[in-house]
C-alpha cells in the first residue's frame, strides 16, 4: 500500500493498462472507486451509530396535559442520566442482570459450541461413504432462521413437549423462568451455531498437509497426541476467528431468548432484549439507546481484548506476512 | 349537518372563491355543532365535543387489523365496497400477535404515515394512541352508542372524549366439565372455595385431572388474569380516579388465590407456561376440570371432528370470585380513525357501517366474536346457536376495564412482574403488591 500511495504521479494517467503508466493516478482512482462504498458505509453504519449515541443523552418527556390528556411531546437533554440509571435502582438491577445473562450465555454457549463444532469438523473431514450427506445434515441447523429455530425449540421445551418426555421425573417448566430457561437457551444456541464453528474449522482442517500426519504416524504418535500437537495448533487461526465471530454474535443475542422463552424473564433477558423492550414496547428510545451504546462498548472491548490476548488473525495480516 | 358536509365534499374542481365558501360552511357547521351539539355549558374552544371540521375527506382508505382468520372481515369490506365504489376500503392484515400489531401501528403513527386509515385497536391501547394524538376524537352523536353495551363504550373514551368505537367485546368465562360435575352432583361454582371443593370430589375418581387453569405465562394474559383475581376479591388495580390502589387486603386475597392455587396443585405447574392456546389444548385434551378462557374456545372445544375430546361435555358459567361471582377483565377491539389519513369522513362512515347491528350480527355468526350491540345478546335465535351469550353478556356487564393509562405497556409489564414472581414462589404476595403499588404510582404520575 505505502509504495502505491508514494508512487510518483505519472503525466499520462490515461495510459493503457499494461504500460508503465498504469500506476499513475491509481491512488486517486482508488479513492474514487471506493467512495460509493464509503458513502454507503457512512450512511448505514456511521450515521446510525452517531445518532444512537446522541439519542442516549436524551429522554422523551412524558407529561400529559391535565385538561385534555394529550401528551406533551419533546425530548429533553438528560446528560448521563440514562447511563447512571443502568447501575442504580430498579433499572440498574434489570440491566446488570441482563449483562450477566449476556456474559454467561456467551461463555457457556460458545464454550460448548467450540467442543461440539470441532468434533463436527473432525467428522466432516473424514473420508467415508455418505460424507456429503453428513456434511449437509450437520449444516442444516445453521441454515434455519434463528427466530424459527426458537419457535421449534419452544415446542420441544413446552410443558408437554419432547424434552420433558426424555427427562425422567416431574415435568420441568423450561419456558417459565429460572435455570431451566437459561439452559434451554444455551442448548438451542449450541445446536444452532456449533455447525458454524464446524464449518470454519473444517476449512482450516482442509489446508493442513497430509505429510504432517504421515510424519506423525511414522514417529508413532497416538491419535490423541496427533490431535493436540498437530491438528489443534494448525487449525488455531481458523478456530480463533470462528470463536471471535461467535462471541460477538452471542453478546448481541436476541432472537432465541425472545422467541424461545419470551421477554421479561430474569433468567434469559439479554441486554438486546432489554433495549428492544424499551424502544419498541415502551417507546423509551433514550434508555434503549443507552443500553445499546453500553453493549456496543462492551462488545468492542471484548473483541479488542480477544484479538490482543489470543492474537486472533481477523484481517489476515499473519498470512500476508508469511507470504 | 350531513347536508353541509355533502356540499363540502362534492368532487368537482373549485375556484378559490368556492373554496372560501366551503370553508365558511364548515366553520358554520363547527360553530353550530359547538353551540347546540352537546348543550354543555363549559366552553371548549377548538376541542368541542364533535370536532366535525377535522373529519372530512372521502376516498379510498385502509383498515389495519389483526389476522382475518375467518375471512368474514373481507366479506364485510366487500359489501361496503359494493355500496361505495369511490371509497374503497382495503384490509391491511397485521400479524396475529397483539404486541406486533401494536408495534406496527405505533411505528406507522410515529412516521405520520397515511398507510393505515381505520385502526382496529385493542381496548387497552386507546389511552396511548389518544394521548399521542395518533387517532382523532370522534363525534359521539354520530354513533348509536346507547345501543352498545356501556362497559364497552367506556373503553373507547379518553378524558371524556370518544376516540374509538367498540366493534367487538370480550369477557372471560369459566369453562367447566359438565359431565364430571354432573357425576358428582355439583353445580358450577360461584366462589373459589366451591371450585376447590368440586375439584376434590371430581379428583377422587379421576386423579389424573388438573383442577383449574387460566393464562399465567408472563404476558398480557397474566395482567388479565391477575386483574380478574383482584377484582373478584373486591379489590382494584387502578381505581376509578386513575390512582393505583393495589396494596390492599382485598387485592392481596385475590393474588393469594393464584399463589395458593399453584402451591396446592389446584393450578397445575404447567399452567404457568399457558397462554390462550396452550390452555385450550389442555382443556380440549380433557386434562382440566375448570378453565378460565375467552368465548372463542366454545366453538373450537365443541368441534366434533375429533380435535376436541370434550365436545359436548362442557358448559360455561360466570367466573367465580372470593365471596360470590367474580368480575371479568374486559377485552375486545375498537375502531379508531388515524390522525394521518386524508379521508377521515370515509373512515367515520365505514366505522358507522361496521358497528351497525346488521354487521355485528353477521360477524357474530361467522366468527363467534362477542358483539358490542346489546340487543344481540337477547336474540333467541342467536342464543340458540351460541348458548353462552347470556353468560357472556353478564360477564361483560360486570367486567372491569384494565387501567386506562398512557404508559399502559409499562403498567402491564409491572403487573406481570408482580404476579409472576409471586406465583413462582420467589416473592411473598404482600411484598409483590407493595412493590407493584410503588411502581404503578411512578408510572401513573403525570
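The values are calculated or read from the model by the stated rules, or taken from the named source; none is laboratory data. Since this is a predicted model, take the numbers as computed values, not measurements. Cβ atoms come from the backbone with ideal geometry, glycine included; neighbour counts cover every protein chain shown.
Can you tell me which residue within the range B:127-167, out of those that are closer than 12 Å to residue A:70 by Cα and part of a helix (DSSP H, G or I), is nearest to the other protein chains (Cβ to nearest Cβ)?
B:131
Scan (1) under 30 Å from residue A:172 (Cα atoms); (2) modelled with pLDDT under 90 for the single condition residue A:249 breaks and write down its number.
Single failed check for residue A:249: (2).
Scan (1) more than 14 Å from every other protein chain (Cβ to nearest Cβ); (2) surrounded by 22 or more Cβ atoms within 10 Å (Cβ to Cβ); (3) within 30 Å of residue A:277 (Cβ to Cβ) for the single condition residue B:405 breaks and write down its number.
Looking at each condition in turn, residue B:405 falls short on (1).
For the subset of the range A:53-63 comprising residues that are surrounded by fewer than 17 Cβ atoms within 10 Å (Cβ to Cβ) and modelled with pLDDT of 90 or more, which member is farthest from the other protein chains (Cβ to nearest Cβ)?
Once the filter is applied, the top-ranked residue is A:53.
Can you confirm whether the range A:88-96 contains a residue that is modelled with pLDDT of 90 or more, within 14 Å of chain B (Cβ to nearest Cβ) and under 20 Å from residue A:265 (Cα atoms)?
Yes - at least one qualifying residue is present in the range A:88-96.
Filter the range B:102-121 for residues that are in contact (Cβ under 8 Å) with a residue 12 or more places away in the chain, within 14 Å of another protein chain (Cβ to nearest Cβ) and either in a loop (DSSP other than H, G, I, E, B) or touching a helix residue (DSSP H, G or I) at 6+ places or on another chain (Cβ under 9 Å) (or both) and give the result.
B:102, B:105, B:106, B:109, B:112
Residue B:184 passes all but one of (1) surrounded by fewer than 20 Cβ atoms within 10 Å (Cβ to Cβ); (2) touching a strand residue (DSSP E or B) at 6+ places or on another chain (Cβ under 9 Å); (3) over 16 Å from residue B:268 (Cα atoms); which number fails?
Status for residue B:184: all satisfied but (2).
Looking at (1) over 21 Å from the mean Cα position of the chain (by Cα); (2) farther than 20 Å from residue B:420 by Cα; (3) buried (at least 20 other Cβ atoms within 10 Å of the Cβ), which is the only condition residue B:273 fails?
So the condition that residue B:273 fails would be (2).
Of all residues being within 14 Å of chain B (Cβ to nearest Cβ) and touching a helix residue (DSSP H, G or I) at 6+ places or on another chain (Cβ under 7 Å) in the range A:64-83, which is farthest from residue A:291 (Cα to Cα)? Just the residue, please.
Only one residue tops the list, namely A:69.
Does the range A:107-119 contain any residue that is within 14 Å of chain B (Cβ to nearest Cβ), in contact with a helix residue (DSSP H, G or I) (Cβ under 7 Å, 6 or more places away or on another chain) and surrounded by 11 or more Cβ atoms within 10 Å (Cβ to Cβ)?
Among the residues of the range A:107-119, not one is within 14 Å of chain B (Cβ to nearest Cβ), in contact with a helix residue (DSSP H, G or I) (Cβ under 7 Å, 6 or more places away or on another chain) and surrounded by 11 or more Cβ atoms within 10 Å (Cβ to Cβ), which makes the answer no.
Which members of the range B:303-319 meet the condition of being within 18 Å of residue B:182 (Cα to Cα) and either at pLDDT below 90 or buried (at least 19 other Cβ atoms within 10 Å of the Cβ) (or both)?
Hits for the range B:303-319 are B:310, B:314, B:315, B:316, B:317, B:318.
Right, residue A:133: more than 14 Å from chain B (Cβ to nearest Cβ), surrounded by 13 or more Cβ atoms within 10 Å (Cβ to Cβ) and part of a helix (DSSP H, G or I) or not?
no
Against the definition (under 30 Å from residue B:211 (Cβ atoms), touching a helix residue (DSSP H, G or I) at 6+ places or on another chain (Cβ under 9 Å) and outside any strand (DSSP E or B)), how does residue B:277 come out, yes or no?
No, not satisfied.
Taking the conditions exactly as written (touching a helix residue (DSSP H, G or I) at 6+ places or on another chain (Cβ under 9 Å) and crowded, with 16+ Cβ neighbours inside 10 Å), does residue B:332 satisfy them or not?
yes
Out of contact with any strand residue (DSSP E or B) (no Cβ under 8 Å at 6 or more places or on another chain) and part of a helix (DSSP H, G or I), is that true of residue A:215?
yes
Here is a check on your reading of the model: is residue A:223 loosely packed, with under 12 Cβ neighbours inside 10 Å, out of contact with any strand residue (DSSP E or B) (no Cβ under 6 Å at 6 or more places or on another chain), within 14 Å of chain B (Cβ to nearest Cβ) and modelled with pLDDT of 90 or more?
In short, no.
Suppose the filter is in contact with a helix residue (DSSP H, G or I) (Cβ under 6 Å, 6 or more places away or on another chain), modelled with pLDDT of 95 or more and either assigned by TED's automatic domain parsing to the domain that holds residue A:262 or assigned to a helix (DSSP H, G or I) (or both); does residue A:186 pass it?
When the stated conditions are applied, residue A:186 passes them.
Any idea which residue in the range A:259-276 is nearest to the other protein chains (Cβ to nearest Cβ), counting only those that are surrounded by 22 or more Cβ atoms within 10 Å (Cβ to Cβ) and in a helix (DSSP H, G or I)?
For the range A:259-276, the residue satisfying everything is A:261.
One residue is enough: does the range B:204-218 have a residue meeting the conditions surrounded by fewer than 18 Cβ atoms within 10 Å (Cβ to Cβ) and either closer than 16 Å to residue B:261 by Cα or in contact with a helix residue (DSSP H, G or I) (Cβ under 6 Å, 6 or more places away or on another chain) (or both)?
Checked against the condition, which is being surrounded by fewer than 18 Cβ atoms within 10 Å (Cβ to Cβ) and either closer than 16 Å to residue B:261 by Cα or in contact with a helix residue (DSSP H, G or I) (Cβ under 6 Å, 6 or more places away or on another chain) (or both), the range B:204-218 yields at least one hit.
Which count do you get for residues in the range A:277-299 that are at positive phi and assigned to a helix (DSSP H, G or I)?
So the answer is 0.
Any residue in the range B:216-245 that's without any contact (Cβ under 8 Å) to a residue 24 or more places away in the chain: show its pairings with residues that are crowded, with 20+ Cβ neighbours inside 10 Å at Cβ separation under 6 Å, as long as the two are six or more apart or on different chains.
From residues that are without any contact (Cβ under 8 Å) to a residue 24 or more places away in the chain, the pairs are B:235/B:251; B:235/B:254.
Would you be able to say whether some residue in the range B:210-229 is assigned by TED's automatic domain parsing to the domain that holds residue B:301, over 22 Å from the mean Cα position of the chain (by Cα) and more than 21 Å from residue B:331 (Cβ to Cβ)?
Checked the range B:210-229: at least one residue is assigned by TED's automatic domain parsing to the domain that holds residue B:301, over 22 Å from the mean Cα position of the chain (by Cα) and more than 21 Å from residue B:331 (Cβ to Cβ).
Looking at this structure, is residue A:197 over 25 Å from residue A:264 (Cβ atoms), outside any loop (DSSP other than H, G, I, E, B) and at pLDDT 90 or above?
yes
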